[in-house]
Amino acid sequence: MKKTIRAAAAALILTAAPAMAAECIAPANPGGGWDFTCRQIGKIMHDLGLVDNMVQVTNLAGAGGGVAYAQVVSKRNNDADLFVAASSATTTRLAQNAFAGATADQVRWVGSIGGDPGVIVVAADSEIKDLPQLIEMVKADPGSVAFAGGSAVGGFDHLKVLMVMDEAGVEDLRQIKYIGLNGGAEAITQTVGGFSQAMTGDLSEITGFIKSGDVRPIAVLADERVEGFEDIPTAKEQGVDMTAMNWRGIYVPKGISDEDYAKWVDRLEKVGASDEWKKAMAENGLTPYDMFGDEFQTFVDDNIAQIKEISQEIGLIQ
């Protein structure tokens, strides 16, 4: 009788035990693009019933995403409840061997569901009116203009500056000052406070600061003006034929099962197809950029090869 009671009690406890909460690591401080990715995707997964509990968001800043990457690879390789926000900044760092020898095949790449156009902004009261004026200032005295960005030196935000200036005919790119910070919010603070003359980042992480009037955008690095932000001219319109699209997606630990990996792919596909995500994209300057599973894995490999080539061309790596 006692054994029966114990067994029934144990079964009741197991039945009542709450499901494990999924966790998303944002490899930067709150307020940046990776934080946005975690919080938006996590919320929509819960709203759609794709996960049982609210997704826990953990901000783990450091080394341009390297601290989070190392923790996933070394300590959480088999955690099937974990996913990590990723973007072009992630593949940029991997391409430049900036994660202390880490490689892209140490995790599994799930997919991307949005593209985030690059943007250059200045403080609201800045004397800089447009991109040509900024370029002329750099050409006249490269050391007089400091750019802030939410990625480390050599990261994607840094590359945006260098590629724009390279296309504009600036000869010695190494003289251009860049302040690498842990997320777009910190880079905005540097610019608003006058510690940098301009900031480069992604439209989604700067949208709130544009709408509040803290900063003024002078160029979006897209092929065309972005819906909802039609007043921001493209770099192309201003004589600089350069675009920079930062994809927004996730990766998961390498050691999880194929079945668990397929679940994450399915969840992300459903988030990408949802009306909630479409609304979030429209409100934050994102454009559709959908790739999943094997297709996304191939894209990541190609993206890393391309960034490595660009980095070598402009002297960032050997």
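The values are calculated or read from the model by the stated rules, or taken from the named source; none is laboratory data. These numbers were taken from a predicted model, which means no experiment stands behind them. Quick reminder, even Gly has a Cβ in these numbers, built from the backbone with ideal geometry, and neighbours come from all protein chains shown. Accessible surface areas use protein heavy atoms only, side chains included; no ligands, DNA or RNA. Shrake-Rupley method; radii C 1.70, N 1.55, O 1.52, S 1.80 Å.
Side notes on the structure shown:
- Surface per residue (accessible, 1.4 Å probe) for region 189-318, Å²: 48
- Using a simple spin-label model with pseudo-atoms 7 Å out from Cα toward Cβ, E295 and K129 lie 4.5 nm apart.
- Share of carbon and sulfur in the accessible heavy-atom surface of the chain [1.4 Å probe, %]: 51
- Once you reduce region 227-264 and region 191-211 to the center of their Cα atoms, the two points are 19 Å from each other.
- Whether region 119-159 is rounded, prolate or oblate, judged on the alpha carbon gyration tensor where a/c under 1.5 counts as rounded: oblate
- Vicinal HN-Hα couplings computed from phi for region 76-87 (Karplus, 6.51 cos²θ - 1.76 cosθ + 1.60; Hz; Gly/Pro x): 10, 4, 10, 7, 6, 9, 10, 9, 10, 5, 9, 6
- As a length-normalised measure over Cα pairs under 8 Å and 6 or more apart, the relative contact order of region 198-318 settles at 22 percent.
- Cleavage-rule hits (GluC sites (Glu not before Pro)) in region 211-272: DSSP loop, at most 14 neighbouring Cβ within 10 angstrom: E224, E227, E230
- Accessible area per residue, Å², region 125-171 with all protein chains present, probe 1.4 Å: 40
- Prolate/oblate/rounded call for region 196-318, Cα gyration tensor, a/c under 1.5 rounded: oblate
- Where region 15-118 is the region considered: accessible area per residue in Å², 1.4 Å probe: 36
- Per-residue Karplus couplings for region 95-100, computed as 6.51 cos²θ - 1.76 cosθ + 1.60 with θ equal to phi - 60°, are listed in order as 4, 9, 6, 8, 9, 6 Hz, Gly and Pro entered as x.
- Taking a ≥ b ≥ c as the square roots of the eigenvalues of the Cα gyration tensor, the chain is prolate, since a/c reaches 1.5 or more and a/b is larger than b/c.
- When the listed pairs K43/K263; K75/K160; K211/K279 are checked against a 21 Å cut-off, the alpha-carbon distance exceeds it for K75/K160.
- Under 5 Å from the amide H of Y289 lie the amide H atoms of G114, G115, each residue being 5 or more positions distant or on a separate chain, with H modelled from the backbone and absent for Pro and chain starts.
- Qualifying GluC sites (Glu not before Pro) in region 137-219, DSSP loop, other Cβ atoms within 10 Å at most 10: E171
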